[in-house]
Structure formats: structure tokens, C-alpha cells
Amino acid sequence: MEPSHIGILVALVALILLSIFFSLAETSFSTANKVRLRSLEAQGKKRATRVLKALDRYDRIISTVIVGNNIVAIVASSLGTIFFTEVLTIDPAISILISTIVITFLIVSFGEIIPKSIAKEYPETIAMSIHSLVMFFYYILLPISMFFGVLKKLTSKVFRLKNETKLDADELKIYVDTAEKEGGITEDEGNLLRSAIEFDDLDAYDIMTPRVNVIAVSEDATNEEVAEIFFTHSYSRVPVYSGTVDTIIGTIHEKDFIRHQNDEGFTLKKIMTSPLNMPANMKISVALRLMQKAKKLLAVVVDEHGGTSGIVTMEDIIEEIVGEIYDEHDEVEVLTKKVDDNVYIVEGTERLENFFEQIGFETSEEIDATTVGGFVIEMTEKFPVAGERFTFKNLEFRVTKATVKRVVQVKIIVKEEEEEEKEEEN
């Protein structure tokens, strides 16, 4: 073998090594997790900081890497053809074919598949390890990457392409589901994250205690009546109204009442704090900040006419993230009871979304109601009486208890899909 052939072999080995490097760079910088990198940065890893800065120029970095990889492949193919044509004393066409097969195999297997597979497993580690070399080639090939950057912008304008890199809530939920399935987080952690993502989807109206269920005292109530309210319901705070619950004028705390009830000239107004009002359509994330700023643990939800729609407590808001909170004095309220196979007794105050989630029911139809009782009223378009029934998809609703103003309890039967189809045909 002549010295020139050895030189070509050395050059081919160097090109394959470069192909490995560019493939590692492309995959590691494309799949590196910025959250993990920021965590490593917080631990004092300076290389993580450098990689994060490089990712701010992601498009140009990747353009550089892809250009470099293609240059390597073209040069390797050309040198391989020269080498095999000169070394093999056979038909040149066969030499070219052999060269193509060998170089393609080496580039695809050792220069593409293997390094990209490794980089996908350890993207942050590899990105930090090769960052300096990547930046070296970045500056060498900067004119080419800038050219492709301009070309990309022109293409985007011609085809009116929009940036769709922002994550929405549904995509975040998919990430959480994936992390949970792969064992990265526990089921409880997954539920907590999903609740946090969905937190801003709810309004004050969705989580409030409705007006009809609000326990409040009149400003003219006697000490005995107030004491009875606190004793019976075990609340630490109770709203005070003037005339009707539509006019809540303040809130009293049990500790203040116990401390001052025997004072001379005592009235509820002396221990009453001013109410915090909020509209029914206020997002609970905004409501939380408002209550924190006002240092209030209870707020009054008012309707468009200024009347009381219900009340919201800080506990109600926090429970939307962490789930129900009970203390040793609370009675666990079961709003949905499974009484038989596919048969449920559901309180009218049960959240419709919670019930559908429990039975694994999904629908694409738009529903305005937030509670099961509200859904029954929405579907029947009236205040139904006990005994009325209707079917929605494969769910049969039967009103078991009702008043003239609300649905108290519903029996819901979940039918099999086939049974539902037969009823529709009949």
C-alpha cells in the first residue's frame, strides 16, 4: 500500500470520528433538558451554564452541526471512492459500488446510529462534555450557519409558518403522564402536578359553597344563636349578614367571639372584620393572590347584581391542588356512593368533573354546569321533581331527592355501550 493510500485511510478514520462528534452534538443539544441543566447549574456546574447559553442560539448551533456532518459525509464518500478505485485492481464501477457500501455502512452505523443512541440516553452529560468543541466549529462555520438562518426566515415568510414551540397545558400533562409511567415521579406527585397545571382553569364559581349551603348569622343574632352555630358546624369563621344572606357585611372569628361575648355592650359588629368580595368568574389563581394580599381566609362570591352567589375559603382553593383536607373534627363527606355494579348514588353538590373522572366517562359536548345537580337542571331545563329521569350518552340519570330550588340526590346508572346503542335504535 502506497503512502498516499495510508494518508487517505487516516483521513477516513478522522472523518468518521468527526461524524461521530457531529452526531453526538446534534442529538445531545436537541434532546438536552433545560430543567435538568438549570438544576445542574444551581449545583455549581459551570458547563451546564455554558450549554444553556449555547441553547439560546439553538438554530445556528444545529445548522452548524448538520452542515459539518454533511461536509464530512461528502468528503468521506469522495475519499473512499478514490481509495477503493486505486487499491482494487478491478472494474472501476465495482470499486465505486464497494466504496459506496463500505463508507455508507461506516457512516450510518458508527457515525450516526450508535452515537445518536448514546447521546439520546445521556444528552446533558454529553452536551456539557463536547460544548467547547461544538463552539469551536460553530465559529469556524458561522458564515454558513448565518446563511441558512436567513434562508429559514425567508422560507417561514413565504409559507407563513408560525412558531409552535410553546408548550400548552395539554402537552405538559402528557409530559407528566410520561414521567409517571416511566417511574420518574410517583402517582401522587403526578396527580399534584396535574392539579397545578389545571389550577387556573377554574373560576371562583366552580369551587364556592353555593348560597343555599352557606352557614351565616344575622347581625342581630343573640350570643346563644351564634354559639350554637359555631358548636354545631365547627367552623372557625362565619359570615355575618344584614337582612338576608344577599347582604354579607362581614366575618366573625370563633376565638374573637369566645373572648369578647361577655364584654359589656358586646355586639357582633365589634368583632366583625370587613368582607372580601370577588366576582364569580374570577380565576382561582387570582382569587388566591387577592386573599393573600388582603390577609383573608374567606371571601364572598357576588353575582352580577351584587347579590351573594356563595363563599370561597382559602382551604377550598388549596384543596384544588392537594385534594381534600380533613382535620380530626371533620366528617368525611362521601358525595358519590357505588351501590351496585355500574350504579351510583350521587349528591347534587358533587362536582360533575369529579364524577365523570371516577367512572372514566368522557364527552366532547360543551357543558355549562359544574355540579351533578346543575347538570340535571341543565338537561331537563327545569327544577325536576323526584322520579324524573333522562339519558345522556350511556348514563341514565334518575332524580331521587329534590326540592323546589335544587336537585339533592341522583341515581346514575352506567350502561354498557351496546345496551345504549340498542335503546337508541328502539
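The values are calculated or read from the model by the stated rules, or taken from the named source; none is laboratory data. Please read all numbers here as calculations on a predicted model, not as lab measurements. Cβ coordinates were reconstructed from backbone atoms using ideal geometry, including for glycine residues, and neighbour counts include every protein chain displayed. Remember, those area values only see protein heavy atoms, side chains included, never the ligands or the DNA or RNA. Shrake-Rupley method; radii C 1.70, N 1.55, O 1.52, S 1.80 Å.
For the reader, a short list of remarks on this structure follows.
- Computed from backbone phi with θ = phi - 60° and the Karplus coefficients 6.51, -1.76 and 1.60, the 3J(HN,Hα) list for the range 294-299 is 7, 6, 10, 9, 9, 10 Hz; x is used for glycine and proline.
- Dipole magnitude of the range 1-79 about its Cα centre (Cβ charges: Lys, Arg +1; Asp, Glu -1), debye to nearest 20: 660
- About the centre of its Cα atoms, the chain shows a dipole size close to 3120 debye [charges on the beta carbon of Lys, Arg (+1) and Asp, Glu (-1) only; nearest 20 debye].
- Relative to the longest principal axis of the Cα atoms of the chain, the long axis of helix 223-233 lies at roughly 40 degrees.
- The range 153-309: antiparallel DSSP beta bridges as a percent of all, rounded to 5: 65
- Fully extended contour minus Cα-Cα distance, from PHE356 to ILE82, at 0.36 nm per residue: 91.7 nm
- Rolling a 1.4 Å probe across the protein heavy atoms gives the range 1-63 an accessible surface of 58 Å² per residue.
- Within straight-line reach of LYS157, meaning a Cα separation under 22 Å, sit the following lysines at least 8 residues removed in sequence or on another chain: LYS166.
- Cβ-based charge dipole, the chain, positive-most Cα from GLY184, HIS253, ILE345: GLY184
- Here the simple spin-label model places points 7 Å from the Cα toward Cβ, and for ILE62 and LYS153 these points are separated by 1.8 nm.
- Proximity of backbone amide H atoms, modeled 1.01 Å from N, is registered between VAL245 and no other residue at under 5 Å, excluding neighbours fewer than 5 places apart on the same chain.
- Relative contact order of the chain, defined on C-alpha pairs under 8 angstrom at six or more residues apart (%): 10
- Rounded to the nearest whole Hz, the Karplus-based 3J(HN,Hα) values (6.51 cos²θ - 1.76 cosθ + 1.60, θ = phi - 60°) of the range 354-366 follow the sequence 5, 5, 4, 5, 4, 9, x, 9, 10, 8, 8, 6, 7, with x at glycine and proline.
- Computed lengthening from TYR122 to VAL286, 0.36 nm per intervening residue step minus Cα-Cα distance: 55.0 nm
- Measuring only protein heavy atoms, the 1.4 Å probe finds LYS415 accessible over about 20 Å².
- Dipole in debye (nearest 20) - the range 364-412, about Cα centre, beta carbon charges: Lys, Arg +1; Asp, Glu -1: 380
- Of PHE231, PHE199, the residue with the largest accessible area leads and the full order is PHE231, PHE199 (1.4 Å probe).
- Anchor LYS255: lysines whose Cα lies under 25 Å away (excluding residues fewer than 8 positions away in-chain): LYS269, LYS270, LYS293, LYS295, LYS296
- Think of the chain as having a plus end and a minus end, set by charges on the Cβ of Lys, Arg, Asp and Glu; of ALA227, ALA11, THR308, ALA11 sits farthest toward the positive end of this dipole.
- Karplus 3J(HN,Hα) series, Hz, for the range 99-116 with 6.51 cos²θ - 1.76 cosθ + 1.60 (x for Gly, Pro): 4, 4, 5, 5, 5, 4, 4, 5, 5, 5, 6, 7, x, 10, 4, 5, x, 5
- Mean sequence separation of contacting Cα pairs (under 8 Å, at least six apart), scaled by the length of the range 340-397, corresponds to a relative contact order of 28 percent.
- Degrees between helix 123-140 axis and first principal axis of the chain (Cα, 0 to 90, nearest 10): 50
- Extension reserve of the LEU9-PHE110 stretch, reckoned as 0.36 nm per residue once the Cα distance is removed: 34.8 nm
- Heavy-atom accessible area order for GLU224, GLU124, largest first, 1.4 Å probe: GLU224, GLU124
- Nonlocal amide H pairs with LEU202, under 5 Å, H built at 1.01 Å: ILE284
- Remark: for residue pairs LYS181/LYS393; LYS338/LYS393; LYS120/LYS181; LYS34/LYS181; LYS46/LYS181; LYS382/LYS415, the C-alpha separation exceeds 29 Å in LYS181/LYS393; LYS46/LYS181.
- Converting the Cα gyration tensor eigenvalues of the chain into ellipsoid dimensions via √(5λ) gives semi-axes, longest first, of 68, 29, 18 Å.
- Computed from the alpha carbon atoms alone, the convex hull of the range 262-303 holds 74 Å³ per residue.
- Remark: relative contact order (the range 264-374) = 15 percent; criterion is Cα-Cα distance under 8 angstrom and separation of 6 or more residues.
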